[in-house]
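This report concerns only the one structure given below.
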Amino acid sequence: MTPGGPGALRAAAVALALVLVLALAGCAVVEPPSREDDGDEAPAEAPEPDRDADSEAGMAAVQRLLADARAASDNGDNDRAGALLERALRIRPDSAVLWHNLAIVRYREAAYEQAADLAGRSLSHAGDNRELKARNWQVIAASRQMLGDEDGAARARERARGLQEAGGD
């Protein structure tokens, strides 16, 4: 094999994917969702129903489920972490953080297409949260890399880099 040949490129791509996986491992559960940093609560054309009565109980339940998902993830129990995050999403389907964390769990399960789709769903709810958007693009890049989509991975990495460097979309 010659230096810089196809084998070297593939090895570099695998090494990059492993670096991204290790970086994602530290992001298994980013942060508890809150109204302020979790993106838009409802579409602009539809007024949000009054959730004040249910809000406190719902947020407490989501935070408990998220904490339990973190513990399950830390113990390598991706099945349980995924199930807990799915339950939390039934309460807060607009939570960019929950969608992101579920994307990471699916990535760890080698469900790369689903991981990329879930990260995309998180992007749609991330509002102005540039850090979360960049993390989602990293998940998409790593997933596309593992699926053999070199061009898609490169585009996703560029989107992540743009968010990290310039604070743009």
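Are any of the residues in the stretch 105-118 modelled with pLDDT of 95 or more and under 18 Å from E158 (Cβ atoms)? Checking the stretch 105-118: at least one residue is modelled with pLDDT of 95 or more and under 18 Å from E158 (Cβ atoms). Based on this model, can you work out whether L118 counts as closer than 22 Å to E86 by Cβ and without any contact (Cβ under 8 Å) to a residue 24 or more places away in the chain? Here the answer is yes, as L118 does meet what is asked. Scanning the stretch 80-93 for residues that are surrounded by fewer than 18 Cβ atoms within 10 Å (Cβ to Cβ) and in contact with a helix residue (DSSP H, G or I) (Cβ under 8 Å, 6 or more places away or on another chain) returns R80, E86, R87, I91. In the stretch 134-152, the qualifying residues are those that are buried (at least 21 other Cβ atoms within 10 Å of the Cβ) and without any contact (Cβ under 8 Å) to a residue 60 or more places away in the chain, and the one that is nearest to the chain's Cα centre (by Cα) is N136. Only one of the numbered conditions (1) modelled with pLDDT under 95; (2) touching a helix residue (DSSP H, G or I) at 6+ places or on another chain (Cβ under 9 Å) is violated by A166, and that is (2). Applying the condition of being buried (at least 16 other Cβ atoms within 10 Å of the Cβ) and polar (S, T, N, Q) to the stretch 115-133 and asking which residue is farthest from N101 (Cα to Cα) yields N129.
The values are calculated or read from the model by the stated rules, or taken from the named source; none is laboratory data. From a predicted model like this one, the values you see are computed outputs, not experimental measurements. FYI the Cβ positions are ideal-geometry reconstructions off the backbone, even for glycines, and counts take in every protein chain you see.
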